[in-house]
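Have a look at the structure below, then the notes.
None of the figures in this text is laboratory data; all of them are computed from the coordinates on show. Being a predicted model, the structure only gives us computed values, none of them experimental. Neighbour counts are summed over all protein chains in view; Cβ atoms, including those assigned to glycine, are modelled from backbone coordinates with ideal geometry.
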Amino acid sequence: MDLYEELSKDYRFKEGLHTCINCGTCTAICPAAEFYRYDPRKIVNTVQSRDNAQIEALLRSETIWYCGECMSCLTRCPRKNGPGLVIMALRDLSVRLGYFTDSEKGRQMLPLTHAMTGNILNYGYCVHPKTFKWEDHQESGPVWKWHTEHLEKSMERLGANYMGEGPGVLRKIPQESLDDLKAIFDVTGGTERIALVEEYSRKKAQEMGMTIEEYERYAFEHCSDEHFND
Amino acid sequence: MIYEGKQKIWSDYQKEIPDDHWYFVRSCIRQNFFPASERMFTEITRNRLGKDIYENPYHTTCGGIAYHCDTIPQETVMTIVARQFALMTEAGYENYVASCITSFGNYAEILETWREFPELEARIRENLWKACKKEFNKPKNLAHTSDLIYHWREKIAELGKFRLVDKETGEPLRIVEHIGCHYAKMFPHKAVGGAEYPYVLAGMVESWGGQVVDYPERRHCCGYGFRQYHVKANRGYSVSNTHKKFESMEPFHPDAIITNCPGCPYFLDRWQYVIAEQTGKTYGRNGFGIPVFTYEEIAGLILGYDPWDLGLQLHQVAVEPFLDKIGIEYDPKAKYLGLNKEDIMRPELPTSLKCF
């Protein structure tokens, strides 16, 4: 497969890469480049080389998962490139080809997919109190622990319509709307994408000698030292 | 440069914001973390300013966070958004206001992509018909809720009981404004002031009597980074970015931070707690942090709403020193009470960060 050609079909790629001049402005402004061993200039340069082997190595690497998609690069690029958009296309292709399971950060696709798509399809939100557990978010502080322990009462005090009918904050999304979301996922490849991530992750979990539950938890929690700048 | 030339350049950075009749969609993050803020948006705009802000309970997430966590294909997020537009069309509105910056950026990105690639828009229309039997018009105007509060900022100041002024010295309070990255960095022409001079929050601060603090990392990301927060293993990225911002603003001694993005006030508030607990360092005076507010919370304080009706009890950084500076009265004993003063206990106090 010609990977550059495949990337070129992605609208984000069409928008995000129009000949990079390698100035490095994106790397200078990038919050991820300061924290991780990450250099968007090099990534874009590798991609525009059209070297299939190098692009495949990139799709299997940790590097493409370091970006936070803040899109600061898009504002500052003198050629109106968007390395962040190129990253989105690379991640999409890495998932479609199953290469994402070759990297520790790529394997995070399983817990992320379950969390995000689960919230959307079950509740109609990307984030929802029923799944945003204090135990997994202790940085949210004692105030959040208290809030979640008294969720209904606290939400009532704050004027929310938590899980209620009609409009308002954190209302229950009507079943008809959830059915629409499910149909959209089915028609547009969202459902297929979930199955793909699960299938590749299952294979990798087997290879790593883990149950799928152990694999998912490990991907969510484990962080090696190799990712960081000195 | 001659004055007319300057005016012409500045006019390029302005945004047309219709004065009324908005179709309103909510934010996933704000509903979770700042529920009273979203409620306050409709309270202020409908009940205090008399504006038509319509909410259809059948609307859902725009899918933006899932999209930026790379968990759903582009056509999926586009079709979810097309459905949102279809609900707006059915309701007879043309002005679309989103309460979330990720959503705002998502809508802007999708409209721009469709403009450039009409064949993609046609495919999304087919997808939506196949999935939901719906059709849509694109909004004539797209705004973020902070654009509307900015648009009505002088009216809010007129109605206000308080100003962002130190009651002892009469000096303007020093306010850091933090704009969410996806407000102006992707499509500057959709933002008040563009990416170079984003004025949406600075305008509110100035109209309400405060002084905007400039500092080196003013435009640095709060550190959300989507997957860099939602996956536990990545959160070092998130706190490191917040840390960088606070180290940069510390020498300028801000009294408070105002934000327009759903995630930013959460991260700038909670990571101060984590930094304090891990290192003992606090950025406010006397062991307190620097309080971080949404623009509706500040607008609500200016208008004289009870701080606990605004949900300020859900902040981890204590807001009381800021309220005291302005002279806003509050009942400390009522802070953590439920509806009708029901006792629902109270949170434990952090070890290092001073709180009430």
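Annotations for the structure displayed:
- In the protein assembly as shown, the calculated helix contribution to ellipticity at 222 nm averages -14000 deg cm²/dmol per residue, counting -39,500 (n - 2.57) for every DSSP H run with n ≥ 4.
- In this Cβ point-charge picture (+1 for Lys and Arg, -1 for Asp and Glu), region B:130-204 has a dipole of about 680 debye about its Cα centre.
- The equivalent ellipsoid that matches the C-alpha gyration tensor of region B:269-345 spans semi-axes of 23, 16, 11 angstrom, in descending order.
- Our compactness index for region A:106-227, the C-alpha radius of gyration over the empirical 2.2 N^0.38 Å, is 1.27.
- Share of Cα-Cα pairs in region B:162-341 lying beyond 30 Å, as whole percent: 17 percent
- Partner lysines for B:Lys354 [C-alpha distance under 20 Å; skip if fewer than 8 residues away on the same chain]: A:Lys145, B:Lys281, B:Lys325, B:Lys333, B:Lys335
- Over region B:158-207, the fraction of Cα-Cα pairs per 5 Å bin, rounded to whole percents and listed from the shortest bin up, is 5, 20, 22, 18, 13, 11, 9, 3, 0.
- Global geometry of region B:101-172, whether rounded, prolate or oblate, following the gyration tensor of its Cα atoms and the 1.5 cut on a/c: prolate
- In a reduced charge model with +1 at each Lys and Arg Cβ and -1 at each Asp and Glu Cβ, chain B shows a dipole moment near 640 debye about its Cα centre.
- Within region A:120-217, trypsin sites (Lys or Arg not before Pro) in DSSP loop having at most 14 other beta-carbon neighbours inside 10 Å: A:Lys130, A:Lys133
- Three-way shape call for region B:15-145 based on the alpha-carbon gyration tensor, with the a/c threshold at 1.5: prolate
- Antiparallel bridge percentage (DSSP; both residues within the protein assembly as shown; nearest 5): 10 percent
- Estimated Rh, chain A: Kirkwood, alpha-carbon pairs, angstrom: 19.9 Å
- Using alpha-carbon coordinates, inclination of helix B:118-132 to the longest axis of chain B, degrees: 80 degrees
- For chain B, Cys with no neighbouring Cys Cβ under 4.7 Å: B:Cys62, B:Cys69, B:Cys100, B:Cys132, B:Cys355
- Cα-based equivalent ellipsoid, the protein assembly as shown: semi-axes from gyration tensor eigenvalues, Å: 36, 27, 26
- With coordinates expressed along the principal axes, the C-alpha atoms belonging to region A:3-97 extend over 30, 25, 19 Å, beginning with the largest.
- Average other protein chain Cβ within 10 Å of Cβ, residues B:217-230: 6
- The number of Lys pairs in region B:15-145 with C-alpha atoms less than 27 Å apart, excluding pairs fewer than 8 positions apart on the same chain, is 7.
- Cut-off 13 Å between beta-carbons: net charge of the residues surrounding A:Gln138, Lys and Arg +1, Asp and Glu -1: -1
- For chain B, the fraction of alpha-carbon pairs lying more than 38 Å apart is 17 percent, rounded to a whole number.
- Inter-chain shielding of B:89-99 (mean C-beta neighbours from other protein chains, 10 Å cut-off): 0
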